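Note sheet for the following structure.
The values are calculated or read from the model by the stated rules, or taken from the named source; none is laboratory data. This is a predicted model, so every value here is computed, not measured. No Cβ is skipped: glycine too gets one built from the backbone with ideal geometry, and neighbour counts run over all protein chains shown.
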Amino acid sequence: MVFGSDCMPFSPMYGVISAVNAPYESQRITAEEAVAAYTREAAYASFEERSKGTITEGKQADLVIMSADPFADAVSLRSATVLKTVLGGEIVYERTKIGA
C-alpha cells in the first residue's frame, strides 16, 4: 500500500490522521502502517528504496520532528505540529515560538 500527497491540498499528516481515524473501524489502519505507506513503501514503489524511505545511514535525511509521538495516540495526531523539517540533512524549517 502506497500513499502520496502530490495532488493533495493538505499535508501528509492529514492523510495519516484520516487513515488512522477512518469512519469505520474496518477501514482504519495503524499510524505505523500509514507512515510506512508515505515513506518506506512509497520509496519502494518509485524504485528509490536505496536512497529514501527509512532513516538509515547513507540515505537522504528527509524528515520532520513532531511535537507529539504520532505512534502513541491517534487522537494526539490532530493537535501535533511540526517542530523541525530536515531535507537532505539540512534543517529547512524550525519552529521558533511555542504556539506559533
Exercise. Is there any pair linking a residue in the stretch 44-62 that is on the phi > 0 side of the Ramachandran plot and of a type in the set (Gly, Ala, Ser) to one that is surrounded by 13 or more Cβ atoms within 10 Å (Cβ to Cβ) and not in a helix (DSSP H, G or I), with Cβ under 8 Å and at least six apart or on different chains, and which?
Worked result: GLY53/THR39; GLY53/LYS59
Problem set entry | Selected residue (criterion: surrounded by the fewest Cβ atoms within 10 Å (Cβ to Cβ)) from residues of the stretch 36-62 that are in contact with a helix residue (DSSP H, G or I) (Cβ under 6 Å, 6 or more places away or on another chain) and not small (Gly, Ala, Ser) | THR54
Problem set entry | Residue identified as of a type in the set (Val, Ile, Thr), surrounded by fewer than 12 Cβ atoms within 10 Å (Cβ to Cβ) and modelled with pLDDT under 90 among VAL75, VAL92 | VAL75
Exercise. Looking at (1) at positive phi; (2) assigned to a helix (DSSP H, G or I), can you tell me which one GLY15 breaks?
Worked result: (1)
For this session: Collect the residues in the stretch 14-43 that are of a type outside the set (A, V, I, L, M), more than 20 Å from SER76 (Cβ to Cβ) and in contact (Cβ under 8 Å) with a residue 40 or more places away in the chain, keeping them in residue-number order.
Result: GLU41
Seminar exercise, completed: When the stretch 7-31 is checked residue by residue, the ones that are charged (D, E, K, R) and surrounded by 12 or more Cβ atoms within 10 Å (Cβ to Cβ) are ARG28
